[in-house]
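Accompanying notes for the structure given below.
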Amino acid sequence: MTAPEVREDGPAAGRELLLLRHAKASRTGAASDFDRPLTRRGRRDAPRIARWMKTHDLVPDCVVASPAHRARETAELVADELGLPGGDVRWDERVYEAEVETLLRVLADCPGGARRVLLVGHNPGLEDLVRHLGGATVREPEKGKFLPTCALARLRVEPPWADLRAGAAALALIVAWSRKERRWRLRLPAGEEPSYG
């Protein structure tokens with residue numbers, strides 16, 4: 001399966017933004033933070049979230065990722081599992097250690113005709129971006145991390161990618177694999193009950 005052809009400009013009604021935090025990475029053995037590779041768990045979790053995406057018809061037509069080793073590995077494993085050519089991933093150095101304003105500039109550079117964009121990156125930038133765009137639809141977890149490793153946030157977006165601002169999206173869900181319960185843990189928008197999927 002290949003990504004749908006994306007026009008470089010023009011409207012894309014019903015946009016979706018998928019934010020994927022890189023999978024679990026090693027804290028030892030790398031020359032720098034940028035070079036940290038995925039652990040065995042990380043190399044299992046990345047294809048697992050991609051299979052969940054495929055099952056729920058969430059194949060992106062534009063993929064942007066940090067070139068940091070752990071994010072690159074995650075994006076490549078996800079793209080491979082989704083059947084997307086590796087050359088379709090846009091490696092953007094700005095995503096590494098980015099704050100919200102930088103991530104918004106990265107998204108502004110996405111093709112205007114892209115209906116679904118997947119951004120693979122890092123915390124705290126991705127968590128902050130979910131809160132910034134999702135506004136009142138975002139609910140903080142009672143325990144645990146807001147966006148753990150290899151968690152996927154799905155946001156519904158109305159404005160063009162170049163016009164994203166605070167509160168411009170609605171958080172649909174955050175999904176992550178629960179190793180303890182061995183099933184998917186879904187966190188839904190404020191006002192809805194969390195569930196397993």
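Taken together, the values in this text are just the output of simple stated rules run on the coordinates, not laboratory data. Keep in mind that this is a model prediction, so the values were computed, not measured. Backbone-built Cβ (ideal geometry, glycine too); neighbour counts: all protein chains shown.
Restricted to region 111-131, and to residues that are among the small types (Gly, Ala, Ser) and closer than 16 Å to residue 23 by Cα, which residue is surrounded by the fewest Cβ atoms within 10 Å (Cβ to Cβ)?
125
Of the residues that sit in region 83-110 and are of a type in the set (A, V, I, L, M) and over 17 Å from residue 21 (Cα atoms), which one is surrounded by the most Cβ atoms within 10 Å (Cβ to Cβ)?
84
Take the residues in region 132-147 that are out of contact with any helix residue (DSSP H, G or I) (no Cβ under 8 Å at 6 or more places or on another chain) and buried (at least 19 other Cβ atoms within 10 Å of the Cβ); name whichever of them is farthest from residue 78 (Cα to Cα).
If we take residues in region 132-147 being out of contact with any helix residue (DSSP H, G or I) (no Cβ under 8 Å at 6 or more places or on another chain) and buried (at least 19 other Cβ atoms within 10 Å of the Cβ), then 137 is farthest from residue 78 (Cα to Cα).
Which of the residues belonging to region 161-174 are crowded, with 17+ Cβ neighbours inside 10 Å and over 12 Å from the mean Cα position of the chain (by Cα)?
If the condition is that a residue be crowded, with 17+ Cβ neighbours inside 10 Å and over 12 Å from the mean Cα position of the chain (by Cα), then 161, 164, 168, 169, 170, 171, 172 are the ones that fit.
Among all residue pairs at least 6 apart or on different chains, which show Cβ distances below 8 Å where the first residue, located in region 60-79, is in contact (Cβ under 8 Å) with a residue 24 or more places away in the chain and surrounded by 24 or more Cβ atoms within 10 Å (Cβ to Cβ) and the second is of a type in the set (S, T, N, Q) and part of a helix (DSSP H, G or I)?
So the pair list comes out as 65/74.
How many of the residues in region 80-109 are closer than 13 Å to residue 124 by Cα and either among the hydroxyl-bearing types (Ser, Thr, Tyr) or touching a strand residue (DSSP E or B) at 6+ places or on another chain (Cβ under 8 Å) (or both)?
5
Checking the condition closer than 19 Å to residue 64 by Cα and out of contact with any strand residue (DSSP E or B) (no Cβ under 9 Å at 6 or more places or on another chain), which residue from 167, 121, 112 passes?
112
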